[in-house]
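Quick notes on the structure that follows.
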Amino acid sequence: MTPAVPSGVLAIPAMPPMPATPLPPLLQGRRVRLRPFTAADITDTYLAWLNDPEVVRYSNQRFVRHTRESCERYFASFDGPAGSANLFVSLRVAKPDASERGEIPVGTLTAYRSLPHGTADVGILLGERAVWGQGIGLEAWRLLTDWLLTTPGLRKLTAGTLACNRAMLTVAERSGMQREGVRRAQEMIDGVPTDIVQFARFAQPAAAVAADAVQSQSLIADASVSSASSASSTSSASSAAPANGRACAAPAAEPAHVA
């Protein structure tokens, strides 16, 4: 039985959750290749990335000493009902020696998808220092995020990074993401309180998103006025909702994912 909606409260129809579209076996860019991360990718090289202080300088991974067992547990978190919506991606490039065929892993990407909300929070780890400064991270980021925005039900991408992480700021901005907010002095870097900058990119044009937001606020305001009018017409002993009551409470802030 569907519960009755209280008088004066805006009823927002439930949207069907987006399907968990799996990553294709290969996403091919000009120089990069993205494949699903597998257990075979948990190598000594991968462990070395995670335990390299310079690689994880701006990540909370710097507080953890990684082992093969800890990596296997993390990999397992992407399997099963709880993690099946999320993506763990191996970032690869062609072998540097043109005479050799094949590819080598140089990093990873993740996408944590919220199916009910139609969002995905994206992160990247470029572990192989030899490819730093060549635009590999930007190309991989664009390849994954552009694909994500074509998947059914995905309406918004998000990402967050420390304000001192200039490389990641550049990747976010040059990939078409917009600055959405700042969490002031959120984390400590070398003893200095540092901001986290939040980015977002929508599947539809920004103007359309803004128009939808204005329309939603207008509907909520109309519902509040209606609720206030209804309350004023009843006796003082009635249990009418407050005039400024909202249809639903804002969710608690979630921790930012630091790329």
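Among the residues of the stretch 106-116, just one is open to solvent by 50 Å² or more (accessible area, probe 1.4 Å) and either modelled with pLDDT of 95 or more or not in a loop (DSSP other than H, G, I, E, B) (or both), namely 112. Scan the stretch 83-105 for residues that are without any contact (Cβ under 8 Å) to a residue 12 or more places away in the chain and not in a loop (DSSP other than H, G, I, E, B) and jot them down. Passing the criteria: only 83. Which of the residues spanning the stretch 56-69 are closer than 16 Å to residue 190 by Cβ and assigned to a loop (DSSP other than H, G, I, E, B)? Matches in the stretch 56-69: 56, 57, 58, 59.
Of the residues that make up the stretch 80-101, is at least one in contact with a Lys or Arg (Cβ under 9 Å, 6 or more places away or on another chain) and among the β-branched types (Val, Ile, Thr)? Yes - at least one qualifying residue is present in the stretch 80-101. For the stretch 78-105, a residue qualifies if it is among the small types (Gly, Ala, Ser) and open to solvent by 60 Å² or more (accessible area, probe 1.4 Å), and the qualifying residues are 82, 84, 98, 99. Checked against the criterion of being free of Cβ contacts under 8 Å to residues at least 40 places away in the same chain and part of a helix (DSSP H, G or I), the candidates 147, 141 yield just one match: 141.
Please enumerate the residues belonging to the stretch 32-46 that are within 24 Å of the chain's Cα centre (by Cα) and either loosely packed, with under 15 Cβ neighbours inside 10 Å or not in a strand (DSSP E or B) (or both). Correct list: 37, 38, 39, 41, 42, 46.
Here the stretch 47-69 is the region considered, the condition is being of a type in the set (S, T, N, Q) and open to solvent by less than 50 Å² (accessible area, probe 1.4 Å), and the residue that is farthest from residue 147 (Cα to Cα) is 51.
Being open to solvent by 30 Å² or more (accessible area, probe 1.4 Å) and modelled with pLDDT under 95 holds for only one residue in 210, 167, 203, 163, and it is 210. Checking each residue in the stretch 70-82 for being in a helix (DSSP H, G or I) and farther than 22 Å from residue 48 by Cα picks out 80, 81, 82. Among the residues of the stretch 171-194, those that are exposed (fewer than 12 other Cβ atoms within 10 Å of the Cβ) and in a loop (DSSP other than H, G, I, E, B) comprise 190, 191.
The values are calculated or read from the model by the stated rules, or taken from the named source; none is laboratory data. This one's a predicted model, so the numbers in the text were calculated from it and none came from an experiment. Every residue, glycine as well, gets a Cβ built from its backbone with ideal geometry; the counts of neighbours run over all protein chains shown. Note: areas computed on protein heavy atoms with side chains; ligands, DNA, RNA excluded. Shrake-Rupley method; radii C 1.70, N 1.55, O 1.52, S 1.80 Å.
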